[in-house]
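Down below is the structure, laid out as structure tokens.
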Amino acid sequence: METLVMDNIQLGPNYFCLRLLCPEIAPAYQPGQFVMLRAWAGYDPLLPRPFAIHQTWQRQDQEQQGIDILYQVVGRGTRLMAGLKPGDQIYLVGPLGKGFIIPEGLQSAFLVGGGMGIAPLLALAHKIIRDSRPSPKLSLLLGGKGKEDLLRVKEFIELKVSVHLATEDGSVGHKGLVTEMLPTIIPRQRPQVIYASGPEAMLKKIAHEASYYEIPCQVSLERLMACGIGACLSCVTKTRLAQPPEGLSPDGVSPTPFQYQRVCLDGPVFEAQEVIWNNGAE
Ligand SMILES: Cc1cc2nc3c(=O)[nH]c(=O)nc-3n(C[C@H](O)[C@H](O)[C@H](O)COP(=O)(O)OP(=O)(O)OC[C@H]3O[C@@H](n4cnc5c(N)ncnc54)[C@H](O)[C@@H]3O)c2cc1C
Ligand code: FES
């Protein structure tokens, strides 16, 4: 559908927040779901691009009016997006895929983000806080190359989320990777669930730590996507079969029984223990 650009604010050298008017999508979505977006006229680039829904926005009457997309300029499509102005029309499909699941009575959770992986986590924090009673204890662990890559920190602090930062250049917080903080923070706080979004290597490490401490973990995967609706199979990923077919057992000798799932339709959020990382290639 065609939607109207309300704003396109630059947040940093390569970071923008695009505000779209789409009252049909805003109330219907779950944090972790995404949209396919073509922000340019014609078919060059040919394919729309996938973006997590960052948050919804509303007018004073409290009716949800639309969504924000938090994005980083990395190539031709996002460069064209950066040139959008209020009043421009763009093409959008969504909300798509399956979002994060919030268990009944959730009392504590870690939200772990790497770089642009922060995009779906703010709305998730809002939803957990809105839906859970008594108020759950939330911690954000956020990593990036430098402090200018850590977006939306102030908003999490305003939500009273406890924030732990890591930067590779040491400009703020722990010097190193966000995953290096997990072995000390997890045993201290023992969250009920870990939600993670970011680069695959980070997700794999988080999944490993979560499994070690036997904490349920949901990860939001990224794949190159052509259609976003389950038709083209460009986004498939290997996942473990919950019920191995007759005669096949995960005995440590035979390969893990697996299936292919479409990240756009069956995900992008998966239970971490389901995912076969790097499609099984070490
Ligand atoms: C479900 C989902 C949600 C996403 N949410 C966000 C978001 O909220 N904010 C955001 O900035 N980006 C997000 N992305 C990534 C975003 O789709 C890509 O950055 C975008 O498609 C790049 O388009 P481009 O034309 O600018 O770059 P291209 O010219 O297509 O590519 C430039 C570079 O980016 C790499 N790239 C392209 N797409 C992806 C991808 N899906 N994953 C990893 N690397 C990629 C390419 O390999 C290439 O190196 C998401 C991706 C998925 C699958
Ligand atoms: S992007 Fe086409 S099936 Fe997932």
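When GLN62 is tested against the conditions (1) under 27 Å from ILE102 (Cα atoms); (2) in contact with a helix residue (DSSP H, G or I) (Cβ under 6 Å, 6 or more places away or on another chain), the lone failure is (2).
Any residue at all in region 45-63 that's more than 16 Å from ligand 2 (Cβ to nearest atom), aliphatic (A, V, I, L, M) and part of a helix (DSSP H, G or I)? For region 45-63, residues more than 16 Å from ligand 2 (Cβ to nearest atom), aliphatic (A, V, I, L, M) and part of a helix (DSSP H, G or I): absent. Within region 41-51, the set of residues being more than 6 Å from ligand 1 (Cβ to nearest atom) and open to solvent by 30 Å² or more (accessible area, probe 1.4 Å) comprises ALA41, GLY42, TYR43, ASP44, LEU46, LEU47.
Is it true that THR237 is in a strand (DSSP E or B), under 25 Å from LYS98 (Cβ atoms) and either modelled with pLDDT of 95 or more or under 20 Å from the mean Cα position of the chain (by Cα) (or both)? When the stated conditions are applied, THR237 passes them. The residue list ILE101, ILE157 contains one member that is out of contact with any Leu (no Cβ under 8 Å at 6 or more places or on another chain), of a type in the set (Val, Ile, Thr), modelled with pLDDT of 95 or more and over 25 Å from ARG223 (Cβ atoms), which is ILE157.
For the structure I just gave you, tell me whether ILE67 is β-branched (Val, Ile, Thr), surrounded by 22 or more Cβ atoms within 10 Å (Cβ to Cβ) and not assigned by TED's automatic domain parsing to the domain that holds GLY198. Spelling it out, ILE67 is indeed β-branched (Val, Ile, Thr), surrounded by 22 or more Cβ atoms within 10 Å (Cβ to Cβ) and not assigned by TED's automatic domain parsing to the domain that holds GLY198. Restricting the first member to region 57-79 and to residues that are at positive phi, and the second to residues that are within 16 Å of ligand 2 (Cβ to nearest atom), no beta-carbon pair is closer than 6 Å while six or more apart or on different chains. Does PRO27 satisfy being outside the structural domain of PHE156 (by TED's automatic domain parsing) and either within 16 Å of ligand 2 (Cβ to nearest atom) or open to solvent by less than 30 Å² (accessible area, probe 1.4 Å) (or both)? So PRO27 does not fit the description; no. Scanning region 64-106 for residues that are assigned to a loop (DSSP other than H, G, I, E, B) and away from ligand 1 (no atom under 16 Å from the Cβ) returns LYS85, PRO86, GLY87, ASP88, ILE101, ILE102, PRO103, GLU104, GLY105, LEU106.
The values are calculated or read from the model by the stated rules, or taken from the named source; none is laboratory data. Since we're looking at a predicted model, the values are computed, not measured. All Cβ positions, glycine included, derive from the backbone under ideal geometry; neighbour counts span all protein chains shown. Remember, those area values only see protein heavy atoms, side chains included, never the ligands or the DNA or RNA. Shrake-Rupley method; radii C 1.70, N 1.55, O 1.52, S 1.80 Å.
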